[in-house]
Amino acid sequence: MNTIKIKLSALNFLNFAVWGSYLISLGIYLSSIGMAQDIYWFYTVQGLVSIIMPALIGIVADRWIQAQRMLSLCHLIAGLAMGAAGLYCATTAQPLFGPLFTLYTISVAFYMPTIGLANSVAYNALSKAGLDTVKHFPPIRVWGTVGFIVAMLLVNFVRIDGVQLADTYSQFFASAIFSLILAAYALTMPSCPTSRGNSASLADALGLKAFSLFRTRRMAVFFIFSMFLGVSLQITNSYGSSFISGFASVAEYAEAWGARNATALISLSQVSETLCILLIPYFLKRFGIKGVMLIAMFAWVLRFGFFGIGNPGSGVWLFILSMIVYGVAFDFFNISGSLYVDKQTSPEMRSSAQGLFMLMTNGIGATIGTLGAGAVANHLVFSRPAGIEQVEGWHTAWLIFAAYALIVAVMFWIVFRDDTPSPKLSEEQAESAPAAPEGMISPE
């Protein structure tokens, strides 16, 4: 592995360690301080800020501030806000929703754009090094998942005074430390281009050119279904750990390892990710973006379905299967989709195009998903007494989510067409028409 790939791997490791420090365990801590019914708001706000912030920050990165510097600034603000959230909880006997939610929101508002920015930085660096992004980016992105796993296991197994970090506000401090380290490290990345010159149109001047992708029917359908599938993204992250740990209040499962170590069990999902990411180049070239997206959609059906019929006792193997298919569900959608969008755009609007993809998936889609999941969970689960009644409510809820994913998959299979690949261009042609899609991902 050459130097640039090592540097990009470390960048991805740190970027996702920030998220892994709290994303899975946050629900456990919120439940412990009496905010169980507010969990969905903490996950919904990630979607709400993603409607605006990734696209806005992407525009700034394309037009005025180089992407690697914008990445550094975002992590500086996100880290300081998350550290402040931890300090507030540490110095308050009973944290209140308002102050905690405000600090958390500021942090995630500046963290969510970093996912697209980190991709842009990586694509730019690989292109400068003459490397194929489809071939070389997935092995680099693997280290992002490794970082997520390391941070998640850190808060699950490290104890202070006999208490897991996952059960306390200490997870906020862990996230803040990773974020501040990355704020400094991002400045060592290769410079990314900006387009400060005179613009030919108002859309160019505002950095909105990426939205022109909607003019192509294929891309419009792709983005719309990315939004539909984005609905599924944060549901298990929002409620997976609290669902599994809830079995501990049922006598039959009170001593089950899975019920006592929900975060560690869910970490198998990220282990699966590390393997599935490496399969992406082969599957994209063999099946094209439609085939890969369909595989991801049906994997979401299984992800939710196995949760719906499993338990941490005799049915723990179903939970494990759910963790395994998650790697396919998440990677084949998120990473393949990002690569596909990159291949359809020119370098000068790379960051804004990635921001647009984030807007549709982690923004609009995830917001609808967490609001909908919150309504379902509050009605079927949290309105009932803790114990077996809540567990039964969860089973019904997961099967509802599985049915939704199945409907989206069938609709995508019928509607989406990617059978008009553009001819491959020579270097001279590519230089004269940089915005033309290369067609590398489309099936032959």
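The values are calculated or read from the model by the stated rules, or taken from the named source; none is laboratory data. Predicted model, so just to flag it, every value in this text is computed and none were measured. Quick reminder, even Gly has a Cβ in these numbers, built from the backbone with ideal geometry, and neighbours come from all protein chains shown. For accessibility, only protein heavy atoms count, side chains too; no ligands or nucleic acids. Shrake-Rupley method; radii C 1.70, N 1.55, O 1.52, S 1.80 Å.
Brief remarks follow.
- Residue within segment 62-69 that is over 19 Å from Ala353 (Cα atoms) and open to solvent by 10 Å² or more (accessible area, probe 1.4 Å) present: no
- Where helices (runs of 4 or more DSSP H) sit wholly within segment 336-427, those with at least 2 residues that are surrounded by fewer than 15 Cβ atoms within 10 Å (Cβ to Cβ) occupy 388-415.
- Verdict on Glu273 being surrounded by fewer than 19 Cβ atoms within 10 Å (Cβ to Cβ) and acidic (Asp, Glu): no
- Counted residues, segment 152-173 - those being of a type outside the set (S, T, N, Q), part of a helix (DSSP H, G or I) and modelled with pLDDT under 95: 8
- Within segment 210-241, the set of residues being open to solvent by 20 Å² or more (accessible area, probe 1.4 Å), polar (S, T, N, Q) and under 22 Å from Val49 (Cβ atoms) is empty.
- Scanning segment 84-104 for any residue that is farther than 29 Å from Phe157 by Cβ and either polar (S, T, N, Q) or surrounded by 20 or more Cβ atoms within 10 Å (Cβ to Cβ) (or both) turns up at least one such residue.
- For segment 118-134, the candidate set comprises residues that are among the aliphatic types (A, V, I, L, M) and assigned to a helix (DSSP H, G or I); within that set, the residue that is nearest to the chain's Cα centre (by Cα) is Ala118.
- Some residue of segment 126-137 being among the hydroxyl-bearing types (Ser, Thr, Tyr), at pLDDT below 95, under 23 Å from Gly58 (Cα atoms) and open to solvent by less than 10 Å² (accessible area, probe 1.4 Å): yes
- Here is the figure for segment 6-42: residues that are modelled with pLDDT of 95 or more and charged (D, E, K, R) total 1.
- Test result for Ile266, assigned to a helix (DSSP H, G or I), open to solvent by less than 20 Å² (accessible area, probe 1.4 Å), at pLDDT 85 or above and in contact with a helix residue (DSSP H, G or I) (Cβ under 7 Å, 6 or more places away or on another chain): no
- For segment 1-33, a residue qualifies if it is within 22 Å of the chain's Cα centre (by Cα) and polar (S, T, N, Q), and the qualifying residues are Ser9, Asn12, Asn15, Ser21, Ser25.
- Residues that are farther than 17 Å from Leu23 by Cα and of a type in the set (Ser, Thr, Tyr), drawn from segment 77-126: Tyr88, Thr91, Thr92, Ser120, Tyr123
- Cβ-Cβ contacts under 7 Å between residues 6 or more apart (or on different chains), taken from a first residue in segment 103-117 that is assigned to a helix (DSSP H, G or I) to a second residue that is polar (S, T, N, Q), are listed as Val108/Gln46; Thr114/Asn15; Gly116/Ser351; Gly116/Gln354; Leu117/Ser351.
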